[in-house]
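The next block holds one structure in the form of structure tokens; read it before the comments.
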Amino acid sequence: GAGVSQTPSNKVTEKGKYVELRCDPISGHTALYWYRQSLGQGPEFLIYFQGTGAADDSGLPNDRFFAVRPEGSVSTLKIQRTERGDSAVYLCASSPTVRARTNTEAFFGQGTRLTVV
Amino acid sequence: AQSVTQLGSHVSVSEGALVLLRCNYSSSVPPYLFWYVQYPNQGLQLLLKYTTGATLVKGINGFEAEFKKSETSFHLTKPSAHMSDAAEYFCAVSSNTGNQFYFGTGTSLTVIP
């Protein structure tokens, strides 16, 4: 597609439930990032994929959070046993490889607003 | 470790006045620096970036920023504010030795008619 696509755009779930958030990056982009943005804050890094593998998952807050990218394109962020504190906008970004680097620019999707009630 | 600090969480300017949004970075290696804009209920859109080369970079919508290594700054400016510039602006840093983008807490720009 023309840009990074995230679905759903909004998700309301009950505390304790499991949710999946989907990201469809720009075609051909090897790098994919997940960020979390709380109200009034900047995006907070969660995880970075290079191809199919998670190259850096140091930002995942705990083991309730997990993400996959099985074919090196679409990625799914999975949150188990959701808590009210997980409520935020989850942003996905992808970036191309330029001169062997993947961090010369990130293209963001519009985000998924997750509300845990 | 890398980080950015954005001074001023809220900035108000009159329409037609100079816009100046401040960003200072911390990086132990040569940084890549970015400014993103976020309109309500939208994703982040790249305004401009500095990776290498000329330290004064021009972006979209008339914005520009200057990389000043001695001041560890990358302030965003626009000579004349327009109502459509009202948005949240984020400064971010990366580097050629890392893969993450680290964002500041953002500056909300209000343009007064």
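The values are calculated or read from the model by the stated rules, or taken from the named source; none is laboratory data. Just so it is clear, the structure is predicted and the values come from calculations on it, not from any experiment. Glycine gets a Cβ as well: all are built from the backbone with ideal geometry, and neighbour counts include every protein chain shown.
Evaluation of residue B:109 against the conditions (1) within 11 Å of chain A (Cβ to nearest Cβ); (2) surrounded by 14 or more Cβ atoms within 10 Å (Cβ to Cβ); (3) farther than 12 Å from residue B:4 by Cβ shows that the sole unmet condition is (1). Taking region A:39-93 and the strands (runs of 3 or more DSSP E) fully enclosed by it, the elements with 3 or more residues that are under 30 Å from residue B:108 (Cα atoms) and either at pLDDT 95 or above or within 14 Å of chain B (Cβ to nearest Cβ) (or both) are at A:44-50. For residue A:104, the test of being under 27 Å from residue B:6 (Cβ atoms), at pLDDT below 95 and polar (S, T, N, Q) is passed.
Residue by residue, here is whether (1) among the hydrophobic types (A, V, I, L, M, F, W, C); (2) within 14 Å of the chain's Cα centre (by Cα); (3) crowded, with 21+ Cβ neighbours inside 10 Å holds:
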position	(1), (2), (3)
B:26	no, no, no
B:33	yes, yes, yes
B:40	no, no, no
B:60	yes, yes, no
B:64	no, yes, no
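When region A:1-57 is filtered for residues that are of a type in the set (D, E, K, R), surrounded by fewer than 20 Cβ atoms within 10 Å (Cβ to Cβ) and touching a strand residue (DSSP E or B) at 6+ places or on another chain (Cβ under 7 Å), the ones remaining, listed by number, are A:11, A:15, A:20, A:22, A:24, A:44, A:56, A:57. Answer with yes or no whether residue B:46 is surrounded by fewer than 17 Cβ atoms within 10 Å (Cβ to Cβ), closer than 20 Å to residue A:42 by Cα and among the hydrophobic types (A, V, I, L, M, F, W, C). Taking the combined requirement at face value, the residue satisfies it.
For region A:1-38, the set of residues classified as in contact with a Ser or Thr (Cβ under 8 Å, 6 or more places away or on another chain), in a strand (DSSP E or B) and among the basic types (Lys, Arg) consists of A:11, A:22, listed by residue number.
Report yes if residue A:25 is more than 11 Å from the chain's Cα centre (by Cα) and within 14 Å of chain B (Cβ to nearest Cβ), otherwise no. Answer is no for this residue. Number of residues in region B:69-95 that are touching a Ser or Thr at 6+ places or on another chain (Cβ under 9 Å) and farther than 21 Å from residue A:107 by Cβ: the value is 4.
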